[in-house]
1. Is any residue of the stretch B:124-144 close enough, with backbone N under 17 Å, to a label point placed 7 angstrom from the Cα of B:ARG83 along the Cα-Cβ axis, and if so, which?
2. Give the Rg (one decimal place) followed by the Dmax (whole number) of the stretch A:15-163, computed from C-alpha coordinates and expressed in Å.
3. What distance in nm separates the simple spin-label points at B:VAL44 and B:ARG186, each placed 7 Å from Cα in the Cβ direction?
4. For B:VAL252 and B:ALA98, compute 0.36 nm times the residue count separating them, minus their Cα-Cα distance, and round to one decimal in nm.
5. Taking each pair of different alpha-carbon atoms in the protein assembly as shown once, compute 1/r for the pair, average those values, and report the inverse of that mean as the Kirkwood hydrodynamic radius in Å to one decimal.
6. Calculate how steeply helix B:72-105 sits against the longest principal axis of the alpha-carbon atoms of chain B, using the helix alpha-carbon long axis, and give the answer as 0 to 90 degrees to the nearest 10.
7. If R0 is 56 Å, what FRET efficiency do you get for A:LEU240 and B:VAL106 from their C-beta distance, rounded to 0.05?
8. State, to one decimal in nm², a quarter of the convex hull surface area for the C-alpha atoms of the stretch A:114-238, i.e. the direction-averaged projected area.
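Each reported figure results from applying straightforward, stated rules to the coordinates on display, with no laboratory input. All of these numbers come straight from a predicted model, not from anything done at the bench. All Cβ positions, glycine included, derive from the backbone under ideal geometry; neighbour counts span all protein chains shown.
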Amino acid sequence: MSAMSQTQTEAGPRTEVLLDVRAVRKVYEGRGRSVEAVRDLTFAVARGDLVCVVGPSGAGKTTLLKCIAGLLAPTSGEVVLEGESVDGPPPGMAVVFQEYGRSLFPWMTVRKNVELPLKQKKLPKARRAELVGQALDAVGLGDVHGAYPWQLSGGMQQRVAIARAIAYEPHILLMDEPFAAVDAQTRADLEDLVRSLWQRLGVTTLFVTHDIDEAVYLGQRVLVLSSSPTVVLDDVAVDLPAQRDQLTTRSSARFTELRGHVFAQIQRAKKHSGASVVE
Amino acid sequence: MTSAPTRAAPVRSSRAGGAGRLTGANALLGVLGFAAFLASLEAVPRLGLVSPDYLPPASRIGAALVELVGEAGFWTALGDTVRGWSTGLLIAVVLGIAVGFVVGTVPVLREVTASTIEFLRPIPSVALIPLAVLVFGTDLRSVLLLVVYASFWQVLVQVLYGVQDVDPVAAETARTFGLGRWARIRHVTWPTALPYLLTGVRLAAAVALILAITAELVIGAPGLGNEIGVAQSGGAVARMYALVVVTGLLGVAVNVLARRLEKWLLSWHPSLRREVAA
């Protein structure tokens with residue numbers, strides 16, 4: 001890995017590692033041919049961190065996320081969450097998918113959608129109502145409990161999906177390009193929402209995106225992935241102030257510098273895959 | 001009695017908004033059309049185009065119908081038909097759901113049973129009439145055998161399609177939130193399959209009625225079909241037509257009922273949603 005691996009010094013003494021991705025490799029076995037989507041991914045996420053994973057399209061970002069979420073078994077290597085090896089969806093994890101329209105259940109109202117995972121956790125009714133109310137308030141949707149998801153705009157639907165995730169009180173929140181399908185204005189609002197929820201709740205967040213600006217604006221750390229077969233190209237510490245806003249942060253010199261750095265890495269990534277970078 | 005496998009959109013697509021004015025005009029046209037139909041039915045035998053012995057004028061059929069409604073025997077026959085139809089349909093739906101969910105959610109079973117289902121499904125239920133008579137004679141069980149056989153496949157095929165239509169993103173969402181196998185079937189697979197199931201029930205209800213009447217007519221099991229046969233052999237032509245009209249009305253009622261059920265259970269479904277995202 002390159003010169004920018006300054007995360008360790010930047011963050012000071014490293015706190016507890018929550019998520020440990022160890023030499024994960026994923027090969028899809030097709031009919032007569034196999035495709036190596038992910039070659040060798042190794043990184044750790046500390047408790048309370050907000051890490052963005054950015055890479056060119058087709059970089060195996062979704063494969064990586066599914067391996068971490070326990071939806072896909074890696075061909076080799078292992079994912080360790082809170083000291084336990086992941087071999088199925090772990091209980092302390094919530095995922096926000098890009099396709100909010102398909103991830104929310106159209107046959108349930110907003111309230112029921114948010115409540116369903118809590119029922120599976122066997123929480124008492126009063127506690128469920130409290131968590132649902134708090135979560136919907138937190139995403140600014142305190143007034144649509146009885147609506148169906150399809151009655152809401154795209155941005156509002158993704159807010160519901162986020163509310164469902166935080167009501168679940170996960171130890172780690174995975175977000176798979178959650179804002180790729182909403183318009184630019186909504187996207188900016190939702191980015192600020194994620195930032196403020198992270199600051200308020202302190203939930204460890206792994207945010208996958210293909211958008212460099214978004215990664216730098218949101219993250220405390222940005223992991224740059226190569227093209228498929230994927231390796232980690234760079235691990236950039238984002239030393240922007242904790243309080244960020246769309247206007248001043250995005251126009252600051254440091255933001256431009258970090259953005260430029262990540263951009264250069266991605267350009268490199270497009271030309272090289274794990275095959276040519278690592279050796 | 002085998003209707004082609006209908007893998008149509010689960011429920012009828014209703015055009016949202018703007019259709020209000022048209023509906024009124026359509027209803028008027030419908031009434032006018034039906035009045036014209038009745039008028040020609042009255043005129044054709046009276047003008048001697050068809051002998052009134054074979055086709056009595058509409059007014060005489062109407063009179064026979066009124067007479068029928070006054071008879072206790074008619075209501076017993078109607079009750080018998082409705083009982084055979086509804087019992088058979090219920091058995092078929094329960095069986096169809098059970099078999100459909102088990103086979104549909106276990107890929108191996110699906111592969112193993114596919115060819116057998118494709119072989120058994122097209123067998124016309126009426127071909128089983130001799131078997132039914134042989135085993136059960138002329139009582140209700142004969143009717144049930146035919147009704148269940150015909151409508152079971154309608155339900156099964158729809159449930160099989162429905163169970164396989166689960167959105168992978170919805171399924172993954174459910175898994176990541178810790179929903180186990182049963183919870184996923186209850187909260188994801190069942191609602192996904194429901195529109196298909198109701199389509200299957202609607203088709204099965206129509207087929208079941210056809211088979212119930214056929215069984216009564218051919219086997220002689222008690223019911224409207226049997227009454228039609230008796231009226232025909234007794235030369236009571238107007239009465240026979242009146243009974244045919246009753247079976248038609250029954251068919252319409254069955255369809256309306258099935259539509260109501262769909263509307264009530266599927267208000268969230270894209271084809272029945274009233275509100276559109278702002």
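1. B:137-144
2. In order Rg, Dmax, the Cα atoms of the stretch A:15-163 give 17.9, 55 Å.
3. 5.6
4. Separation in residues times 0.36 nm, less the Cα-Cα distance, equals 52.6 nm.
5. 28.2
6. Relative to chain B, helix B:72-105 is tipped by roughly 20 degrees.
7. Efficiency for this residue pair is about 0.60.
8. It is 8.8 nm².
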